[in-house]
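Asks: This structure is in structure tokens; I'll ask about it shortly.
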Amino acid sequence: MRRGFTLLEVLLASIILGLGLTAIIVSMTQAQQMMLSSTYLQTAQEVMDFGDMAYPLSDVQDPDKDLDVRETKATELWEKFAGEVKLTSEQYEKYRTYTWEREALNRDDEEEIKRLGDLYTVRVTVRWGDRRRGNGEEESYITFWRKPK
């Protein structure tokens with residue numbers, strides 16, 4: 001009676017072990033990418049809040065003048081609503097590539113505005129990354145605004 005493993009058994013065990021380790025490494029890489037992506041989205045949400053505090057929709061009186069806000073750096077938004085409170089160097093690095101923009105999508109379509117019950121469709125967009133190199137990303141949401149009477 002022979003003791004030990006045959007070459008075929010050792011080879012099969014090595015293949016199974018290799019497949020298991022590969023699956024673990026792939027899942028760890030995907031988890032790391034997901035964590036990085038969620039960090040970017042969390043920062044984008046913070047920048048959306050900065051824009052809403054710096055340019056609140058409740059302050060808009062004239063949709064032709066006040067509703068649209070050009071693309072603004074997140075650091076400028078902070079300065080507008082925080083006043084004397086300055087960003088730390090870590091915060092500045094975190095928000096450095098982020099921008100915020102608000103635009104009315106249906107301002108020129110009076111028929112659609114009436115159909116929606118005098119509601120303007122407003123899109124808020126946050127962009128980040130290096131758009132020149134094709135690494136730019138963006139997140140946006142749509143909200144409605146009614147002109148005060």
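Asks: Any idea which residue in region 1-51 is modelled with the lowest pLDDT, counting only those that are out of contact with any helix residue (DSSP H, G or I) (no Cβ under 9 Å at 6 or more places or on another chain), among the charged types (D, E, K, R) and surrounded by 10 or more Cβ atoms within 10 Å (Cβ to Cβ)?
Replies: Of all residues in region 1-51, those out of contact with any helix residue (DSSP H, G or I) (no Cβ under 9 Å at 6 or more places or on another chain) come to 1-4, 6-42, 44-45, 48-49.
Subsequent filtering for residues that are among the charged types (D, E, K, R) retains 2-3, 9, 49.
Keeping just the survivors that are surrounded by 10 or more Cβ atoms within 10 Å (Cβ to Cβ) gives 9, 49.
Values: Glu9: 89, Asp49: 94.
Going through the qualifying residues, I end up with Glu9.
Asks: Same structure again: Looking at region 78-119, which of its residues are among the hydrophobic types (A, V, I, L, M, F, W, C) and over 16 Å from the mean Cα position of the chain (by Cα)? Quick ask: steps written out before the conclusion?
Replies: Residues of region 78-119 that are among the hydrophobic types (A, V, I, L, M, F, W, C), as a first pass: 78, 81-82, 85, 87, 100, 104-105, 113, 116, 119.
Trp78, Phe81, Ala82, Val85, Leu87, Ala104, Leu105, Ile113, Leu116, Leu119, listed by residue number.
Asks: Would you be able to say whether some residue in region 94-117 is among the hydroxyl-bearing types (Ser, Thr, Tyr), surrounded by fewer than 16 Cβ atoms within 10 Å (Cβ to Cβ) and either in contact with a helix residue (DSSP H, G or I) (Cβ under 8 Å, 6 or more places away or on another chain) or farther than 30 Å from Thr39 by Cβ (or both)?
Replies: Kept after step one, since they are among the hydroxyl-bearing types (Ser, Thr, Tyr), are these residues of region 94-117: 95, 97-99.
With surrounded by fewer than 16 Cβ atoms within 10 Å (Cβ to Cβ) added as a condition, the list becomes none.
No, because not a single residue in region 94-117 is among the hydroxyl-bearing types (Ser, Thr, Tyr), surrounded by fewer than 16 Cβ atoms within 10 Å (Cβ to Cβ) and either in contact with a helix residue (DSSP H, G or I) (Cβ under 8 Å, 6 or more places away or on another chain) or farther than 30 Å from Thr39 by Cβ (or both).
Asks: Ok, one more. If I ask for residues that are more than 19 Å from Val69 (Cα to Cα) and assigned to a strand (DSSP E or B), which ones from region 94-149 would you list?
Replies: Glu137
Asks: Among the residues in region 15-29, are any without any contact (Cβ under 8 Å) to a residue 12 or more places away in the chain, over 15 Å from Trp78 (Cβ atoms) and within 20 Å of the chain's Cα centre (by Cα)?
Replies: no
Asks: Taking the condition of being under 18 Å from Glu137 (Cα atoms), hydroxyl-bearing (Ser, Thr, Tyr) and out of contact with any strand residue (DSSP E or B) (no Cβ under 6 Å at 6 or more places or on another chain), how many residues in region 76-120 meet it?
Replies: 1
Asks: Taking region 118-149 as the search range and keeping residues that are aromatic (Phe, Trp, Tyr) and under 23 Å from Tyr40 (Cβ atoms), which one is surrounded by the fewest Cβ atoms within 10 Å (Cβ to Cβ)?
Replies: Filtering region 118-149 for residues that are aromatic (Phe, Trp, Tyr) and under 23 Å from Tyr40 (Cβ atoms), the one surrounded by the fewest Cβ atoms within 10 Å (Cβ to Cβ) comes out as Tyr141.
Asks: Name the residues in region 78-118 that are modelled with pLDDT of 90 or more and among the hydrophobic types (A, V, I, L, M, F, W, C), would you?
Replies: Matches in region 78-118: Trp78, Leu87, Trp100, Ala104, Leu105.
Asks: I want to confirm something. Restricting to region 51-72 and keeping residues that are assigned to a loop (DSSP other than H, G, I, E, B) and under 22 Å from the mean Cα position of the chain (by Cα), which single residue is farthest from Asp118 (Cα to Cα)?
Replies: Of all residues in region 51-72, those assigned to a loop (DSSP other than H, G, I, E, B) come to 55-56, 60-68.
Now narrow it down to the ones that are under 22 Å from the mean Cα position of the chain (by Cα): 55-56, 67-68.
Working: Tyr55: 21, Pro56: 19, Leu67: 14, Asp68: 17 Å.
This residue is Tyr55.
Asks: Looking at Thr43, Thr75, Thr39, which one is in a helix (DSSP H, G or I), touching a residue at least 24 places away in the same chain (Cβ under 8 Å) and of a type in the set (S, T, N, Q)?
Replies: Being in a helix (DSSP H, G or I), touching a residue at least 24 places away in the same chain (Cβ under 8 Å) and of a type in the set (S, T, N, Q) holds for just one of Thr43, Thr75, Thr39, which is Thr43.
The values are calculated or read from the model by the stated rules, or taken from the named source; none is laboratory data. Values in this document were obtained by computation on a predicted structure and should not be read as measured data. No Cβ is skipped: glycine too gets one built from the backbone with ideal geometry, and neighbour counts run over all protein chains shown.
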